[in-house]
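The values are calculated or read from the model by the stated rules, or taken from the named source; none is laboratory data. Keep in mind that what you see is a predicted model, and the values were worked out from it rather than measured. All Cβ positions, glycine included, derive from the backbone under ideal geometry; neighbour counts span all protein chains shown. These accessible areas exclude ligands, DNA and RNA; they are computed on the full protein's heavy atoms, side chains included. Shrake-Rupley method; radii C 1.70, N 1.55, O 1.52, S 1.80 Å.
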Amino acid sequence: GSFGTQTAAVAAGGNQPSPAKNVTEEYNGTSWTTVPATLSIGREDMLGGGTESAGIIAGGSPPATSSTEEYDGTNWTTGGALNTARYAAQGSGTQTSALFMGGNTGSSTTAIEQYNGTSWNNSSASLATARDSAASAGSSTSGMVVGGSTPGGITNTSEEFDFSTNIITPGAW
């Protein structure tokens, strides 16, 4: 999981046998430094979002987890658990307002969850195409998912999500 900016980024976990998958590194625009903060659950293939001083990671594997952790620039703390354990999901947003889209629960899914800084809630909207391992961008109210693995193979389609409390439809793709 990674998040931040070009001059203040964080990368946590990952697919590495040593050191453990719970390691955290920070980037200052020039070099990476391993920091003492470690994830409570070592994992890979997770959602990352936010800034170096207010980041979030959620989900991941192996095995699929519903765990969420929040980073304050020094330490990781436990956040609200996803409703469904998943990995290789797409996401966007911040520590206090995020989207967790698609992913893999044993097969690709269309499910979307929204985070409010405390808990994850299932969205009334869903992806049109079940997918995982796709690219994503956006915010907590406007997200985009591009490509990815589907139950039938690989897709090159993209989907956009728009959510607003000022419209009657709570979310639509």
Would you confirm whether or not segment 136-157 contains a residue that is at pLDDT 80 or above, over 22 Å from T105 (Cβ atoms) and over 17 Å from the mean Cα position of the chain (by Cα)? yes
Is it the case that segment 71-78 has a residue that's more than 23 Å from S140 (Cβ to Cβ) and among the β-branched types (V, I, T)? yes
So for segment 104-125 (the condition being modelled with pLDDT under 90, open to solvent by 30 Å² or more (accessible area, probe 1.4 Å), touching a Ser or Thr at 6+ places or on another chain (Cβ under 9 Å) and in a loop (DSSP other than H, G, I, E, B)), does at least one residue qualify? yes
Boolean, L39 is surrounded by 15 or more Cβ atoms within 10 Å (Cβ to Cβ) and touching a residue at least 40 places away in the same chain (Cβ under 8 Å): no
Of the candidates T51, T74, T30, T34, the one satisfying the condition of being more than 24 Å from S133 (Cα to Cα), touching a residue at least 24 places away in the same chain (Cβ under 8 Å) and open to solvent by 50 Å² or more (accessible area, probe 1.4 Å) is T74
Per the list (1) assigned to a loop (DSSP other than H, G, I, E, B); (2) at pLDDT below 90, residue check on G93 breaks on (1)
Could you tell me whether any residue of segment 103-119 is more than 16 Å from the chain's Cα centre (by Cα), more than 26 Å from S53 (Cβ to Cβ) and touching a residue at least 24 places away in the same chain (Cβ under 8 Å)? yes
State the number of residues belonging to segment 139-160 that are open to solvent by less than 60 Å² (accessible area, probe 1.4 Å), assigned to a strand (DSSP E or B) and in contact with a Gly (Cβ under 8 Å, 6 or more places away or on another chain). 2
